[in-house]
Amino acid sequence: MKAISLKEKERLDELQRNGYQIIQNPDKFCFGMDAVLLSGFVSVKPNGTVLDLGTGTGIIPILLEAKTQASHLTGLEIQEESADMARRSVALNGLSEKIDILTGDIRKADSLFPSASFDVITSNPPYMIEEHGLRNPDTPKAIARHEVLCTLEDVVSQAAKLLKTGGHFFMVHRPFRLAEIITVMTKYKLEPKRMQLVYPFVDKEPNMILMEGVRGGKPRMTVEKPLIIFKEPGVYMPEIRDIYGY
């Protein structure tokens, strides 16, 4: 593992996979459970190529490198500070030959990569539509959580252009936008094939949704059994512990 210097307010977090660590700055934005659950939902065939749209500090490519036999992974991130942390985390874990981090705009991804060039595309995009109430829409946290710099349609349309025919798109989002998600995916011929609702507790409403689509796939969607996070406050269900690698 390569020695990497941390900048002010940065910290190293353990990922419980292959001894990997990730650099984060809690004042800016740290990955959440949604990114970890998405990495557990994604499947990549051996030697597949992966692109993560809006990679943040690189959590999804790093976890997928640990969990799959992908040949190469790329993360695209518009915020240079996050992309820099991602690159240093990749180097720290000795993964520079397998993972590339590019600074760039999701909305222009098709100008950065050849069309139909990836087997798998993943995204943990901004969930919130409204910008009202945001005191600072240009802050890293606002950009990560609200559709300030890209929309759901931007993510899906770019994924459709960059996926090979038969390639797989994986995304985590919020259930309140499910109708829109299915409509937009269908519009861009990313046929919804698999869906899983995530519940904080068994008796609560779902607060996340995991979606898989196939470029040019035929209509037929599987709804998987619910994924429950907590058995009781502070105690993860066994499935969640498996995903985290505890």
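The values are calculated or read from the model by the stated rules, or taken from the named source; none is laboratory data. Quick caveat, the model's predicted, so the values are computed rather than measured. Cβ: placed from backbone, ideal geometry, glycine included. Neighbour counts: every protein chain shown.
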### Task
Among the numbered conditions (1) aliphatic (A, V, I, L, M); (2) assigned to a loop (DSSP other than H, G, I, E, B); (3) at pLDDT 95 or above, tell me where L6 comes up short.
(3)
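Residue by residue, here is whether (1) hydrophobic (A, V, I, L, M, F, W, C); (2) at pLDDT 95 or above; (3) buried (at least 17 other Cβ atoms within 10 Å of the Cβ); (4) within 26 Å of E212 (Cβ to Cβ) holds:
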residue: I78; (1), (2), (3), (4): yes, no, yes, yes
residue: V90; (1), (2), (3), (4): yes, yes, yes, yes
residue: M128; (1), (2), (3), (4): yes, no, no, yes
residue: F170; (1), (2), (3), (4): yes, yes, yes, yes
### Query
F113 fails exactly one of the following numbered conditions: (1) out of contact with any Asp or Glu (no Cβ under 9 Å at 6 or more places or on another chain); (2) modelled with pLDDT of 95 or more; (3) aromatic (F, W, Y); (4) farther than 23 Å from E77 by Cα. What is the number of that condition?
(4)
### Message
Given the criteria over 24 Å from G56 (Cα atoms) and either of a type outside the set (A, V, I, L, M) or modelled with pLDDT under 95 (or both), does T122 qualify?
### Response
no
### Summary
When (1) touching a residue at least 40 places away in the same chain (Cβ under 8 Å); (2) within 20 Å of N18 (Cα to Cα); (3) crowded, with 19+ Cβ neighbours inside 10 Å are applied to A66, the one that fails is (3)
### Summary
Checked E80, E10 against criteria (of a type in the set (D, E, K, R) and without any contact (Cβ under 8 Å) to a residue 60 or more places away in the chain); the one match is E80
### Message
What's the number of the only condition in (1) surrounded by fewer than 17 Cβ atoms within 10 Å (Cβ to Cβ); (2) in contact with a Phe, Trp or Tyr (Cβ under 9 Å, 6 or more places away or on another chain) that K9 fails to meet?
### Response
(2)
#### Entry: Selection count, segment 19-43, where residues are farther than 20 Å from L210 by Cβ and at pLDDT 90 or above
7
### Subset of segment 194-206 (residues that are within 22 Å of Q16 (Cβ to Cβ) and surrounded by fewer than 17 Cβ atoms within 10 Å (Cβ to Cβ))
P200
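To keep it simple, each residue is scored yes or no on (1) loosely packed, with under 11 Cβ neighbours inside 10 Å; (2) farther than 17 Å from S39 by Cα.
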| position | (1), (2) |
| --- | --- |
| M208 | no, no |
| E224 | no, no |
| I228 | no, no |
| P233 | yes, yes |
| P238 | yes, no |
| D242 | no, no |
